[in-house]
Every structure is written in structure tokens, then in C-alpha cells.
């Protein structure tokens, strides 16, 4: 006796054949999503030179026979990652650099350093400014506009936090004597270069910048872009004048751009700023920038702030015993105080 229903007994097993079944199509008309991403083993390595509204200028085959600048966008998986000037990235697609072509950044290579800032001291969300710089050139004017020591303090804090060596350039020294201003930084061992208003110290700066990646920062109107234009002929960075009423410079450079120095190395010009938040920086990061002080501070009581007046701070004992330079300790504490004070950075 057959086990099939009477009306299907004569059809054999055809009633169970699903080969002609209708399968509902994918409504988006694409393949199912997968978490596995392509390896992009054929990706080219490039240096990000500039960022403009979601488009990245990338130098491909740097120093090679086919060196060229290509325009790229970011891959979808990098949409939450900051890509900034100085980054080394992997690119795929059309990286020929020809007009109308567009490559795609698929990976950000490990960064050696990161220069960061926050919107203000209460904001712990960091904003990456530049990647892979090894020198920070802080440009400040001796006058017109007046120097702002606290803003310079903050630049130095950011440099020590990032592990970047600072360099201080004082412009317009023909308008005012910068010695009083420079006395605040005497203990830091900073390399200082000075210049008159119309005499850029190119011969002195070129050896200090050669074969390094230097990021130039400074208050608007201090002459930073003028310096860059002299160091990199044809750079064409916009320059401006200081408002005679407010004493403030007008923002001229509106973007961050990497420029190759004729003698070797790179300089990254950044827009002028009037504030520099440090909400993301810890005091311990500043101490790491002073190895000699860190060795002494290791014996301080737990929770020591190392500020002036801290009970049983080892720095005070070392100064009293002439093991440390008092000017250096004072300058270090000035940076700590600037970080602890919060508020406006001018």
C-alpha cells in the first residue's frame, strides 16, 4: 500500500521537487553583507597632504620615479576615523592622479605621533590636527599682536603630550624686545629663533627643519604663513595684517597643508588659532616630556600634583639640593598650572 496521498500517487516524487520554487529576490539587489573585508594587498602607500571637504590629496610613490598626487575619498569602514595631514594611508582604485580620477583610502597606517587639541578645557573629546610630525614650530610675534605666553604654554603642553620636539620662533623682534617674554621659558631648554618683521631667518631655520616633519602653529597675524612662503617658494599661503583696533590677526590660512621643503623634509602649515583646548591631556603626559624631572618625581608621595606648594614634593627637595635647575622646575610647573587652570587660553 502506497504512503502517498491518492491524488499524488501517480506523480511519484515530482510533487516534492522544489527546483521550480520561486525565491524572493533581495529587495536591494545586492549581495548579502559580510563582516569580512578585502585584504587590499595591492594597495599603494601614500602621504596625506591636504584635506578638503571629504576629498584627500595623497602623495603616492613618494620619492619614487612615478611620484604623483592623487585625489581620494575614504572607504566606508573609515567613516568614523579622522584622516589628517601627515597620515600614511593605503589607497586603492585609480591613483593615477589624472584629472577626474578618484582613489579610495582603505587603511590608516600606525601613527608615530599625534598632535591633538580639544574644543575647550571641559571637552575631553580630542581633535587630531596633524599626524606623524616630529617637530612643533611655535610662531609668536614680539609685538603686533602682543605675545600670549599662556597660549604658547598650551602649545608646549600639546607637544610634550604628543612626544614632539618644540621649536620657538619669535617674529617682529624689531618692534619689541622679546627677552622678557622669553624669560618665562628659560628653563625648558627650548631652541629659539628670532627674526625682524621683514627679515625671515631662512638660513637659520633650514638646517633645523631639514629631513624632519615640522608642524607650524601660531596665533593669527604672527607671520607664520609669511615664514612658510619664504621657506617654500611658490607655496602661496595667504597672509594678512593685524587689526589696528582689536590688535588681533585675521585668519588667512584656512586649511592644513603639507609642503615639501626644498632642502628635504616637510612643513605642515595650520590655520591660525586664538585658543587651544587641552581637555584630553593628563598631567602625567606633561611629566613624560621632562625625563630628568620624572626621575625625581617618581619618589613623590602618591597623588602629588607637583605644583608649587605641594606637600613633600620631591622637586622642591631636588632644587634645594641643587640637583635640578630651578628655572626648569618653575617652567614645568607653569605648564602644569596652565593645564590645571582651564578656561580661556589667551
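Find the residue count for region 290-308, including only residues that are surrounded by fewer than 18 Cβ atoms within 10 Å (Cβ to Cβ) and over 23 Å from residue 156 (Cα atoms).
Kept after step one, since they are surrounded by fewer than 18 Cβ atoms within 10 Å (Cβ to Cβ), are these residues of region 290-308: 291-292, 294-295, 298-299, 301-305, 307-308.
This time we only want the ones that are over 23 Å from residue 156 (Cα atoms), so: 299, 301-303.
Number of matching residues: 4.
Could you please give the count of residues in region 216-236 that are touching a helix residue (DSSP H, G or I) at 6+ places or on another chain (Cβ under 9 Å), surrounded by fewer than 24 Cβ atoms within 10 Å (Cβ to Cβ) and closer than 22 Å to residue 131 by Cα?
Initially, region 216-236 is screened for residues touching a helix residue (DSSP H, G or I) at 6+ places or on another chain (Cβ under 9 Å), giving 216-219, 227, 230-231, 235-236.
From what's left, surrounded by fewer than 24 Cβ atoms within 10 Å (Cβ to Cβ): 230-231, 235-236.
Checking which are closer than 22 Å to residue 131 by Cα leaves us with 231, 235.
Of the residues in that region, 2 qualify.
Before we move on, is residue 183 farther than 24 Å from residue 255 by Cβ, without any contact (Cβ under 8 Å) to a residue 24 or more places away in the chain and not assigned by TED's automatic domain parsing to the domain that holds residue 289?
Details: farther than 24 Å from residue 255 by Cβ: yes; without any contact (Cβ under 8 Å) to a residue 24 or more places away in the chain: yes; not assigned by TED's automatic domain parsing to the domain that holds residue 289: yes.
So residue 183 passes the test.
The values are calculated or read from the model by the stated rules, or taken from the named source; none is laboratory data. Note that the structure is a prediction, hence the values are computed from the model and not measured. Note: ideal-geometry Cβ built from the backbone for every residue, glycine included; neighbour counts use all protein chains shown.
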